[in-house]
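Below: one structure, written as C-alpha cells.
The values are calculated or read from the model by the stated rules, or taken from the named source; none is laboratory data. Bear in mind the structure is a predicted one, so any value in this text is a computation, not a measurement. Reconstructed Cβ throughout: ideal geometry from the backbone, glycine too, with neighbour counts over all protein chains shown.
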Amino acid sequence: MGRSDEELVEACQAGEASAFDVLLARWEDRIRGAAFRFLGSEDEARDVAQEAFLKAYRGLSGFKQQARFSSWLYQIATNLCRDRLRRRKTRPLVSLEALEEAGPVIAETRAGAHERLIERDLARVVRGAIEALPLEQREVVILKEYQELTFLEIAQALDVPVSTVKTRLYRGLDQLRLRLEDQGVRGTTAVPVPAP
Amino acid sequence: MECEKVGDGALQGDKLDVLYGEADAAVRERVLAHLESCAACREEMGALRALRRDLGSWRLPLARPGLTPRGYVLPRWLLAAALFLLAFAGTLGASGYLSLRRALAAQESRAALLERQQLASERALEAALARPPVADAEAFLARLDARIDERLLARASLQEQRFDQRLADWQERAAVRRRVDMAQVAASLSYLDGRHGEQLARTNELMGYVLQASDKR
C-alpha cells in the first residue's frame, strides 16, 4: 500500500524530494487531462501541468494541508488555465457556432439515426457544447464529470462554497442538455416519458 | 409540467448529490420520495443520467504526451529526418565498426601476450623465492673474500712487475747517457791536450775525481 497524498506531502516538507515524484506520477495524467479539457490543446495542457507541478513544488513548504493536496493542485492548474484563456481573448478552440455551421450531427430526422451516430461525432459535439459553456460552469462540469472530484474538493479547488459549485453544475448540465438537444442528441438512453 | 419546487435550491443540490452518488441515506430517501410524486423531476433526473452518459463519450486522446521525456511526440518530419540520419550514420559506422573490431582483436591479442609474459615472470619469481637458502653463508662469503684477495694480489704483482721493468729501463737509459757524456768529455780533453800542459794535467786529475764520484753515485 502506497503512502497517501498527505504522507507524501509531509515527506516532501521534511526534505524527501523523491516523495514529490510519487505525487507527480499519481496526479500528472489527471491534471493534464483537466487542463486539456479546459484549454482544448494538448501542448498547452502539458505546459499547464508542468507549470502547476512546479508551482506546487515551490509552494509546498507553505502548504498547510487544510485542503487536500489534489484540490490545491487543481486550484493551481485551474488558475493557470484561466490565465491562458484570458490571454487568448477568444472563445474556445471549437465553438458551438462552428459546430452549428457544420450542420446537425444527426443527418435527417429518420428514426434510429441516433443509433448510427458514431461515438467520435458524439464526442465532438459534447466537446463543443462544453467549450461553449461559460467558464465558471465549464470548470465545474469538467472537474465533476471528468476529474470526478467531490463537491467539497471542487469547492476547495475553486475557492467557492459547495452550494455555489452545485448551482454552477446544475446550470451547466441544464445548458449542456439543451445544447445537445439542439444538436440532435437526446441522450444515449431513452428519456423517461413523463407520467400522464 | 413543472415541479412545484422548481426554485428550491436545496432540492437541486440534493438531486445532484443523488446523481453523483454523494448523498447520504436521508437525502437519498428524501429525493427518491420527491421523484415518486414529481414527474418533471423524474424526467429531469433521467435526462441528466443520459446526459452524463453522453458526456462520457468525450475521452482524452490515447497518445498523450507526459511531463517526462517518455511522453514527447516528435513531428513526423523530424522523426523521418532522424531515421534517415540514423540509417546514414549506421551505414558509415558499419565499416568503421569492422575496422574497430579488428583493432580490438589485435589489442586483445597483445594484451593476452603481455598477460602471458607477466604470468611467466611471476612464476619465475615465485620459483626463485621458493628455492632453499644458501647452506653455509659464511663459507660462501669466505670463498668470495678469498677470490677477491686473490684477484687483488694478482693485480698488485702485475703492477710490481711493470714498475721493476720500467725502473730497469730507466737505469739502462741513464747508463748509456752517462757513457755518451763521458765520451764527449774525453774528446774535449783530448782537444785541449796539446795546448795547456800543466793545466791539462790538473784538469785530468779533476775529471778523474768527477768520474769516481759519478761511479760512486
Q: Give the residue that is surrounded by the fewest Cβ atoms within 10 Å (Cβ to Cβ), with candidates limited to residues of the range A:12-52 that are in contact (Cβ under 8 Å) with a residue 60 or more places away in the chain and closer than 16 Å to A:Asn79 by Cβ.
A: A:Arg37
Q) Restricting the search to the range A:3-36, which residues are within 10 Å of another protein chain (Cβ to nearest Cβ) and on the phi > 0 side of the Ramachandran plot? A) none
(Q) Tell me yes or no: at least one residue of the range B:61-81 is out of contact with any Ser or Thr (no Cβ under 8 Å at 6 or more places or on another chain) and at pLDDT 80 or above. (A) yes
Q: Working only within the range B:24-60, note down all residues that are within 11 Å of chain A (Cβ to nearest Cβ), farther than 26 Å from A:Asp121 by Cβ and small (Gly, Ala, Ser).
A: B:Ser37, B:Ala39, B:Ala40
Q) Where residues in the range A:147-169 are under 19 Å from A:Arg32 (Cα atoms) and surrounded by fewer than 20 Cβ atoms within 10 Å (Cβ to Cβ), which of them is modelled with the highest pLDDT? A) A:Thr150
Q: Scan the range B:1-23 residue by residue and report those that are within 8 Å of chain A (Cβ to nearest Cβ), under 18 Å from A:Leu149 (Cα atoms) and not in a helix (DSSP H, G or I).
A: B:Tyr20, B:Glu22
Q: Could you list all residues from the range A:37-71 that are within 20 Å of A:Ile154 (Cα to Cα), within 12 Å of chain B (Cβ to nearest Cβ) and among the basic types (Lys, Arg)?
A: A:Arg37
